[in-house]
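The values are calculated or read from the model by the stated rules, or taken from the named source; none is laboratory data. Computed from a predicted model, the values in this text were never measured in an experiment. Cβ atoms come from the backbone with ideal geometry, glycine included; neighbour counts cover every protein chain shown. Just so you know, the surface numbers come from the protein's heavy atoms only, side chains and all, with ligands and any DNA or RNA stripped out. Shrake-Rupley method; radii C 1.70, N 1.55, O 1.52, S 1.80 Å.
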Amino acid sequence: MCQHQPPCPTADSADREAALLVAHHPEQGWSLLCNGVLVFEDTGELLPDGQIIAPHRPLGTDEVVRAA
């Protein structure tokens with residue numbers, strides 16, 4: 001599917017989200033990557049084979065920055 005050099009990560013690789021954007025629809029909350037992965041604004045994903053990846057936002061409070 002990918003015509004880029006070097007090729008984008010495949011849909012089944014761990015770094016699949018690093019593939020280049022093909023379509024971006026922020027008003028609808030999704031983007032299509034070069035490898036066929038649909039990425040949703042809640043960080044969920046739909047792989048080309050129909051597999052669903054649940055949203056995976058960081059949940060730890062150690063990443064929250066507080067204003068002084």
Original post:
Name the residues in region 27-43 that are over 10 Å from the mean Cα position of the chain (by Cα) and under 13 Å from Arg57 (Cβ atoms), would you?
Top reply: none
Original post:
Name the pairs whose Cβ atoms lie under 6 Å apart, with the first residue in region 37-49 and open to solvent by less than 20 Å² (accessible area, probe 1.4 Å), the second among the charged types (D, E, K, R), and 6 or more positions between them or separate chains?
Top reply: Val37/Arg16; Val37/Glu45
